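Here's the structure we're looking at; comments come further down.
The values are calculated or read from the model by the stated rules, or taken from the named source; none is laboratory data. The model shown is predicted, which means the values in this text are computed figures rather than measured ones. Reconstructed Cβ throughout: ideal geometry from the backbone, glycine too, with neighbour counts over all protein chains shown. Note: accessible area is taken over every heavy atom of the protein model, side chains too, but ligands, DNA and RNA are not part of it. Shrake-Rupley method; radii C 1.70, N 1.55, O 1.52, S 1.80 Å.
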Amino acid sequence: MSRPRLGLFGGTFDPPHLGHVAALRAAAASGRFDEIEVTVAGDPYVKRATGTVRPAEVRLAMARAAFAHLPLVTVSDREIARTGPSYTIDTVLEEIDDYKSIDLIVGADLLAQLDSWHEARQLATLVRVAVVPRPGSETVFPAHWHCYELPMEPVDLSSTFIRELAGGDLSKYVPSDVIPIFEAHQG
Ligand code: ATP
């Protein structure tokens with residue numbers, strides 16, 4: 001049997017929201033993947049530099065509540081189990097032999113950062129990049145990466161917006177099972 005095609009959706013998920021859910025549904029509907037793995041960053045080194053992030057175990061519990069029931073999706077703690085900063089290249093190298101292909105699923109806002117990721121040159125040779133639209137960010141493919149668009153109705157939402165709403169009604173923005181976990185861990 002030929003090896004499956006993996007879509008890898010990494011994030012901080014502090015908290016997961018309906019924009020993430022839409023991206024995962026678009027990925028599943030695209031027919032490009034046999035499996036989709038959500039990886040919760042144990043130590044999101046980019047975000048850590050700009051403020052506090054909820055503990056990894058809390059973000060993992062929220063990601064499971066938000067995503068685990070979606071088609072093709074599993075939620076992985078592999079980046080939490082590892083020590084040190086969560087580098088996508090390490091995840092890809094762990095999994096590459098098990099899959100026919102690995103595509104990173106990212107929002108358009110991340111395209112401008114890809115070249116600054118750890119071991120970016122090597123990563124660009126190992127994966128393709130499936131890009132979902134993100135309001136406020138143009139979809140501009142960086143040179144040297146194999147990128148393509150995943151069609152999706154844009155969702156204007158971010159975890160930052162939801163953190164700033166804390167105490168307000170989150171039900172329009174966050175899957176309902178996430179809300180009690182998020183509210184139990186306010187900073
Ligand atoms: P923050 O506001 O804290 O920066 P975020 O909303 O961008 O967080 P992350 O967990 O950092 O959420 O994002 C994980 C992945 O989901 C990234 O690839 C990001 O581009 C993508 N993403 C986040 N929100 C959306 C959205 N509304 N539409 C499409 N993709 C999104």
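Listed values, structure above:
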{"read-out": "Shape of segment 13-102, Cα gyration tensor, a/c cut at 1.5", "value": "oblate"}
{"read-out": "Segment 37-150: relative contact order as a whole-number percent, Cα under 8 Å and 6+ apart", "value": "23"}
{"read-out": "Percent breakdown of C-alpha pair distances by 10 Å bin, ordered from the shortest bin, for the chain", "value": "9, 38, 40, 12, 1, 0"}
{"read-out": "Relative packing of peptides 85-91, 156-162 - highest average C-beta neighbours within 10 Å first", "value": "85-91, 156-162"}
{"read-out": "q = 0.10, 0.17, 0.20 Å⁻¹, segment 86-187: log10 I(q)/I(0) [Debye, one scatterer per Cα]", "value": "-0.39, -0.91, -1.02"}
{"read-out": "Residues Arg5 and Arg78, FRET efficiency given R0 of 25 Å [Cβ-Cβ distance, rounded to 0.05]", "value": "0.85"}
{"read-out": "Amide H partners (placed H, <5 Å) of Val132, local residues excluded", "value": "Val106, Gly107, Ala108, Leu150"}
{"read-out": "Under the Karplus curve 6.51 cos²θ - 1.76 cosθ + 1.60, θ = phi - 60°, whole-Hz ³J(HN,Hα) for segment 104-120, x wherever Gly or Pro sits", "value": "7, 9, 9, x, 4, 5, 7, 4, 5, 8, 3, 5, 9, 5, 4, 6, 4"}
{"read-out": "Counting DSSP beta bridges with both ends in the chain, the antiparallel % (nearest 5)", "value": "5"}
{"read-out": "Of all accessible heavy-atom area on the chain, the percent that carbon and sulfur account for (1.4 Å)", "value": "51"}
{"read-out": "Rounded to whole Hz, the Karplus (6.51, -1.76, 1.60) HN-Hα couplings of segment 10-23, x for glycine and proline", "value": "x, x, 8, 6, 10, x, x, 9, 6, x, 5, 4, 5, 5"}
{"read-out": "Where the chain is the region considered: accessible area per residue in Å², 1.4 Å probe", "value": "50"}
{"read-out": "Potential lengthening between Thr125 and Glu57 on full extension [0.36 nm per residue; Cα-Cα distance subtracted]", "value": "21.3 nm"}
